[in-house]
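The values are calculated or read from the model by the stated rules, or taken from the named source; none is laboratory data. The structure displayed is predicted, hence computed values, not measured ones. Methodologically, a virtual Cβ is constructed for each residue, glycine included, from the backbone with ideal geometry; neighbour enumeration extends over all protein chains shown. Just the protein is used for accessible areas: all its heavy atoms, side chains included, with ligands, DNA and RNA removed. Shrake-Rupley method; radii C 1.70, N 1.55, O 1.52, S 1.80 Å.
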Amino acid sequence: MLNSLQNPLSLLGRLLLALLFVPAGFGKIAGFAGTVGYIAAKGVPLPEVAAAIAIAVELGLGLLLAVGFQTRWAALGIALFTLVITFIFHNFWAVPVEQVMMQKMNFFKNLAIVGGLFSIAAWGGGAWSLDGRRKD
């Protein structure tokens, strides 16, 4: 039974992960100055460049993930990006005590998302993806 669900579940998984990144990319475009300010406040060098990279990853690679084009590379790119930013933006070990629980939860949630993206990078987008259609 699970084999018959492989393609729809793969599509659903890709879409749900993309749903996290694509709107965030659009939000960064709409609020570019605020995004740059937040990145700068975390001490990231060249915050405008970092914001542009975040938009490219979240929006660009997020859309590739959603449609399943170059799925493995898109998932790997988003995973590595998410892994790096997790240590910068959810550093629960260096925040005031009242923020620890929320930052720790976001830290480990991001690690779980990275795990899911690594799985997609390993196994691909499935038959219901543009990559899958090209194999026919």
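Quick look at the numbers
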| quantity | calculated |
| --- | --- |
| Helix-derived mean residue ellipticity, 222 nm - over the chain, DSSP H n ≥ 4, -39500 (n - 2.57), to 500 | -25500 deg cm²/dmol |
| Protection-proxy order for peptides 33-45, 90-102, 16-28, each taking the mean of Cβ atoms within 10 Å per residue, highest first | 16-28, 33-45, 90-102 |
| Point-to-point label distance, M1-L46, nm (Cα→Cβ direction, 7 Å offset) | 5.3 nm |
| Pairwise label distance in nanometres, L63 with F32, each label 7 Å out on the Cα-Cβ vector | 1.6 nm |
| Proportion of all alpha-carbon pairs of the chain beyond 27 Å (%) | 26 percent |
| Accessible surface, per residue, of the range 67-136 when the full set of protein chains is kept, probe 1.4 Å, Å² | 62 Å² |
| Of the DSSP H helices in the chain, those whose Cα atoms cover at least 20 Å axially and whose Kyte score averages 1.0 or more | 2-30, 71-89 |
| Tail beyond 20 Å, pair distance distribution of the range 64-136 (Cα, percent) | 41 percent |
| Set of the range 93-126 residues, backbone N closer than 15 Å to the point 7 Å along the Cα-Cβ line of A24 | 103-118 |
| Sulfur and carbon atoms: percent of accessible area, the chain [1.4 Å] | 73 percent |
